[in-house]
Amino acid sequence: MLIHPEEILETIKMVTNENLDIRTVTMGISLRDCCHPDIDTFNENIYEKITTCAKDLVKTTDDVQSLYGIPIINKRISVTPIAIVAESCKEPDLTSVARTLDRAAHDVGIDFIGGFSALVQKGMTPGDLRLINSVPQALASTKKVCSSINVATTKAGINMDAVALMGRVIKETAHLTRDQGGIGCAKFVVFANAPDDNPFMAGAFHGIGEPECTINVGVSGPGVVNSAVRALEDPSLGDISECIKKTAFKITRVGEVIGKEVAKRLDARFGVLDLSLAPTPAIGDSVAAILEAMGLESCGTHGTTAALALLNDAVKKGGSMASSSVGGLSGAFIPVSEDAGMINAVLCGSLSLDKLEAMTSVCSVGLDMIAIPGDTPASTISAIIADEMAIGMINKKTTAVRLIPVPGKTVGDMVEFGGLLGRAPVMSVNRYSSEKFIARGGRIPAPIQALTN
């Protein structure tokens, strides 16, 4: 492929001035051959498998970063959902497994490991329940472990018994990590239609249909897209869409080159390129800033959902033309704490929780990294999750919830998480109760479009 000098200069500008980076190189590892009824043997098998497969992951990504001059921010691992591989193990508390994952992650030098997970969209096995009950202590006693629970799909409907449990798990996790602002909840996400090949945390796990070992890449370029849109002179919305598509194409090509090179050097299968626009707390590296560049006075005002729909569509179209391996989530993230523009929109009153929920009907994921009052009832948290799962189920898309009920904080307070997790204003929730609705349990049936065979 012929590369022109101006393309090299353009990429350098994207990296130095517009925060272009490879947000994550994530190695997916199957743990299906690690199963054992004895918890100690099970943990030994997991540690050996991870440290063997990923022993050269960090060095290889560092070498590729130096070769191409593109920053690779995170090196991560995802594993087979632990609830599945731990099913034969009768140990009631699986916290030791999380600690084993944490030790393995530390020893191979990665940033995060995902897969302390369960898939319970249609019901829960004893192994699923053991894992779910272990989540609060697991996240409180580890630093690098991330957890996810899939409670809904378009085909299966919504498991409301699991949804009810999620509110209690989130509250307990916040309590156990209260000295750090409830940060354990930042490592826990509840999904509808969770993808098997997502490289982003906290929701990454290595799906059952995946190969033995894969490399999945997540790129990031909100700052690049923001700069490109702002450079247009009095554009129409069609012009903006075309600009975003072309920019997404360039970003995706960079990620594809990096991912394939890492996979080749590690003798692993190249999996997918997730082209999600993942913001950071840096000024300008913001999805909200892109929406405002389209003409909105502040993110959250009327028209925001339409602008986000245009952005998400253009990103997907541009990225899909640049790679035949697009997967994961692929679109635009709208995490409040990780996006300086979203934070400002909340602080000025233009962005509310209800508006964020509406926006999730057209974006990649859902209600992400949102701080709420620490005294919010577990049933209210479960009801927020149920609403988001319904959006995902009906619209046949991935949605998720990552809420942080911050102990001791109330509406208007700020909580600092640091690093890429940023800072978040505590947002208000509806004060009316959903407790009786959540307590009914059962399952919300799948919609009629589930029968598309």
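The values are calculated or read from the model by the stated rules, or taken from the named source; none is laboratory data. Worth saying up front: this structure is predicted, and the values here are computed from it rather than measured. Because the Cβ atoms are built from the backbone with ideal geometry, glycine has one as well, and the counts that use them run over all protein chains shown. Just so you know, the surface numbers come from the protein's heavy atoms only, side chains and all, with ligands and any DNA or RNA stripped out. Shrake-Rupley method; radii C 1.70, N 1.55, O 1.52, S 1.80 Å.
Which residues, counting only those in region 196-218, are part of a loop (DSSP other than H, G, I, E, B) and open to solvent by 20 Å² or more (accessible area, probe 1.4 Å)? Break it down into steps so the answer makes sense when it comes.
First, the residues of region 196-218 that are part of a loop (DSSP other than H, G, I, E, B): 196-212.
Within region 196-218, D196, D197, M201, I208, G209, E210, P211, E212 qualify.
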- By residue number, the members of region 45-65 that are under 12 Å from V108 (Cβ atoms) and open to solvent by less than 60 Å² (accessible area, probe 1.4 Å) are Y47, K49, I50, T51, C53, A54, L57, V58, T60, T61
- Note on the structure: Restricted to region 273-293 and to residues being crowded, with 24+ Cβ neighbours inside 10 Å and of a type in the set (S, T, Y), the residue modelled with the lowest pLDDT is S276
- Message: Among the listed residues L119, L129, L94, L101, identify the single one that is open to solvent by 10 Å² or more (accessible area, probe 1.4 Å), without any contact (Cβ under 8 Å) to a residue 60 or more places away in the chain and of a type in the set (A, V, I, L, M, F, W, C).
- Response: L129
- Query: Across region 68-94, what is the total count of residues that are in contact with a Phe, Trp or Tyr (Cβ under 6 Å, 6 or more places away or on another chain) and not hydrophobic (A, V, I, L, M, F, W, C)?
  - Reply: 3
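Which one is least open to solvent (accessible area, probe 1.4 Å), of the residues in region 372-396 that are acidic (D, E) and assigned to a helix (DSSP H, G or I)? Reasoning before the result, please.
The initial filter retains those residues of region 372-396 that are acidic (D, E), namely 375, 387-388.
Among the residues that remain, those that are also assigned to a helix (DSSP H, G or I) are: 387-388.
On the way: D387: 78, E388: 0 Å².
Going through the qualifying residues, I end up with E388.
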- Item | Answer residue from region 255-272, given it is crowded, with 21+ Cβ neighbours inside 10 Å and β-branched (V, I, T) and is nearest to V224 (Cα to Cα) among those | I258
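Mind telling me which of the residues L420, L403, L367, L353 ends up being among the aliphatic types (A, V, I, L, M), surrounded by fewer than 24 Cβ atoms within 10 Å (Cβ to Cβ), in contact with a Leu (Cβ under 8 Å, 6 or more places away or on another chain) and not assigned by TED's automatic domain parsing to the domain that holds V120?
Values: L420 fails: in contact with a Leu (Cβ under 8 Å, 6 or more places away or on another chain); L403 fails: surrounded by fewer than 24 Cβ atoms within 10 Å (Cβ to Cβ); L367 fails: surrounded by fewer than 24 Cβ atoms within 10 Å (Cβ to Cβ).
Testing whether each residue is among the aliphatic types (A, V, I, L, M), surrounded by fewer than 24 Cβ atoms within 10 Å (Cβ to Cβ), in contact with a Leu (Cβ under 8 Å, 6 or more places away or on another chain) and not assigned by TED's automatic domain parsing to the domain that holds V120 leaves just L353.
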- Message: Here are the criteria: (1) over 30 Å from I385 (Cα atoms); (2) in contact with a Ser or Thr (Cβ under 6 Å, 6 or more places away or on another chain); (3) surrounded by fewer than 22 Cβ atoms within 10 Å (Cβ to Cβ). Tell me which single one T252 does not satisfy.
- Response: (3)
- Item | Scan of region 301-345 for residues that are at pLDDT 90 or above and assigned to a loop (DSSP other than H, G, I, E, B), ordered by number | T301, H302, G303
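Output yes when any residue across region 433-445 is within 25 Å of L308 (Cβ to Cβ) and either out of contact with any His (no Cβ under 9 Å at 6 or more places or on another chain) or assigned by TED's automatic domain parsing to the domain that holds P136 (or both), and no when none is.
Start the filter on region 433-445 by keeping residues that are within 25 Å of L308 (Cβ to Cβ), which leaves none.
No, region 433-445 has no match at all.
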